[in-house]
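Peer 1: Dropping the structure in here first, questions after.
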Amino acid sequence: MSDKRKKSREETEKFVHMVAEHNGWALNPDRQFLDTLIDGLNVNFNRYGFYQCPCRDSWGDREKDSDIACPCVYNVPDQKEHGHCFCGLFLTREFADSGRTPGQIPERRPPEKYPD
């Protein structure tokens, strides 16, 4: 991939904040954890050319991984059921206001979507 398509960490952090604001979501309040997720998204963008979920194994192919492009297709159902996404990056405002900490939730991505 050419340097032209690479994203800086600052651009990735801006992306995460814009997505959250646009959707009315909150970000994980644990700054160290949030930074780790942003770093993972940044690495994945620079590796694959799109913001791929930092919490899941990838094919490294935009078409095969379209379900886990951030924010992934599982994000809204996870937030509706658990108050946050699988990674714990995006939280509903209600969950964030409750002061609870995101925890482990069941994986919605079907096993056949994962690389062998």
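The values are calculated or read from the model by the stated rules, or taken from the named source; none is laboratory data. Computed from a predicted model, the values in this text were never measured in an experiment. Ideal geometry is used to build each Cβ from the backbone, glycine not excepted, and the neighbour counts take in all protein chains shown.
Peer 1: Which numbered condition in (1) at pLDDT 95 or above; (2) of a type outside the set (Val, Ile, Thr); (3) surrounded by fewer than 18 Cβ atoms within 10 Å (Cβ to Cβ); (4) within 27 Å of Arg5 (Cβ to Cβ) is the only one that Lys113 fails?
Peer 2: It fails just one condition, (1).
Table: residues versus (1) within 28 Å of Ser8 (Cβ to Cβ); (2) of a type in the set (Gly, Ala, Ser); (3) touching a residue at least 60 places away in the same chain (Cβ under 8 Å).
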| site | (1), (2), (3) |
| --- | --- |
| Ser58 | yes, yes, no |
| Asn75 | yes, no, no |
| Leu89 | yes, no, yes |
| Thr92 | no, no, yes |
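Peer 1: Hey, can you tell me all the residues within the stretch 3-32 that are more than 12 Å from the chain's Cα centre (by Cα), closer than 17 Å to Cys85 by Cβ and in contact (Cβ under 8 Å) with a residue 24 or more places away in the chain?
Peer 2: Passing the criteria: Asn23, Gly24, Trp25, Ala26, Pro29, Asp30.
Peer 1: Hey, another quick one. Across the stretch 12-33, what is the number of residues that are acidic (Asp, Glu) and surrounded by 12 or more Cβ atoms within 10 Å (Cβ to Cβ)?
Peer 2: 2
Peer 1: Another one. Can you tell me which residues in the stretch 1-57 are touching a helix residue (DSSP H, G or I) at 6+ places or on another chain (Cβ under 6 Å) and of a type in the set (Asp, Glu)?
Peer 2: Glu13
Peer 1: Can you pull out every residue in the stretch 37-92 that is among the basic types (Lys, Arg), part of a helix (DSSP H, G or I) and farther than 24 Å from Ala26 by Cβ?
Peer 2: Selection gives Arg47 alone.
Peer 1: Starting from the stretch 97-108, take each residue that is under 13 Å from His84 (Cβ atoms) and list its partners that are at pLDDT 95 or above and hydrophobic (A, V, I, L, M, F, W, C), counting only C-beta distances under 7 angstrom and pairs at least six apart or across chains.
Peer 2: Qualifying pairs under 7 Å: Pro102/Leu91; Ile105/Phe86.
Peer 1: Further question: Across the stretch 34-68, what is the number of residues that are surrounded by fewer than 16 Cβ atoms within 10 Å (Cβ to Cβ) and farther than 15 Å from Lys6 by Cα?
Peer 2: 11
Peer 1: Suppose the filter is touching a His at 6+ places or on another chain (Cβ under 7 Å) and not in a loop (DSSP other than H, G, I, E, B); does Phe95 pass it?
Peer 2: Judged against the criteria, Phe95 is a match.
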